[in-house]
Amino acid sequence: QVQPVESGGGLVRAGEPLRLSCTASGRTFTGYNVGWFRQAPGKDREFVALLDYSGRITDYQDSVKGRFTISRDNAKNMVNLQMNSLKPEDTATYYCARTTGWIRTPNQYDAWGQGTQVTVSS
């Protein structure tokens, strides 16, 4: 098992977009559902979005619905998170991970990346 690598984070102003990518080597994501989570300083890691192995079924946290879109390119072993209309409260370190279930609980996931920092200024 190899850790995926998240990228695409940065510092943006409120209302601007960012596109995060999560890239895994080999077959790390093959057949797995993949989720994005985020963790702000002093807070628990929270669920953001989940995409099934086929790329057809999604689940989003209510606060990001209509603003964030999760997608995957299975040929490239990549899962993306397009984030539009960013808000200061979206500021956090964002992580991707895989799961065999359809669940939002972080401890049901494995193959966590190191995270990518997203900072949204007001």
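The values are calculated or read from the model by the stated rules, or taken from the named source; none is laboratory data. Just so it is clear, the model here is predicted, and its values are computed rather than measured. Don't worry about glycine lacking a Cβ; one is built from the backbone with ideal geometry, like all the others, and counts go over all protein chains shown. We work out accessible area using only protein heavy atoms, side chains counted, and drop any ligands, DNA or RNA first. Shrake-Rupley method; radii C 1.70, N 1.55, O 1.52, S 1.80 Å.
Each residue in the range 73-102 was checked for being in contact with a helix residue (DSSP H, G or I) (Cβ under 9 Å, 6 or more places away or on another chain), under 16 Å from Arg56 (Cα atoms) and among the small types (Gly, Ala, Ser), and 1 of them qualify. Selection over the range 17-26 of residues that are open to solvent by 60 Å² or more (accessible area, probe 1.4 Å) and part of a strand (DSSP E or B) gives a count of 1. If I filter the range 38-49 for residues that are touching a Lys or Arg at 6+ places or on another chain (Cβ under 6 Å), of a type in the set (A, V, I, L, M) and within 24 Å of Val120 (Cα to Cα), do I get at least one hit? Yes: one or more hits.
Taking the range 77-99 as the range and being loosely packed, with under 13 Cβ neighbours inside 10 Å and out of contact with any strand residue (DSSP E or B) (no Cβ under 7 Å at 6 or more places or on another chain) as the test, only Glu89 passes. Can you say whether Ile103 is assigned to a loop (DSSP other than H, G, I, E, B), surrounded by 15 or more Cβ atoms within 10 Å (Cβ to Cβ) and without any contact (Cβ under 8 Å) to a residue 60 or more places away in the chain, as far as the supplied structure shows? In short, yes.
Taking the range 4-16 as the range and being outside any strand (DSSP E or B), open to solvent by 30 Å² or more (accessible area, probe 1.4 Å) and closer than 19 Å to Leu50 by Cα as the test, the residues that pass are Gly8, Gly9. Applying the condition of being of a type in the set (Asp, Glu) and in contact (Cβ under 8 Å) with a residue 24 or more places away in the chain to the range 47-75 and asking which residue is most open to solvent (accessible area, probe 1.4 Å) yields Asp59.
Considering the range 58-89, the residues that are under 28 Å from Ser25 (Cβ atoms) and in a helix (DSSP H, G or I) include one that is nearest to the chain's Cα centre (by Cα), namely Val64.
Filtered by the rule that a residue be of a type outside the set (Ser, Thr, Tyr) and either in contact with a His (Cβ under 6 Å, 6 or more places away or on another chain) or surrounded by 15 or more Cβ atoms within 10 Å (Cβ to Cβ) (or both), the range 27-36 gives Phe29, Asn33, Val34, Gly35, Trp36. No other residue among Gln39, Gln1 is modelled with pLDDT under 95 and either among the aliphatic types (A, V, I, L, M) or surrounded by fewer than 16 Cβ atoms within 10 Å (Cβ to Cβ) (or both) apart from Gln1.
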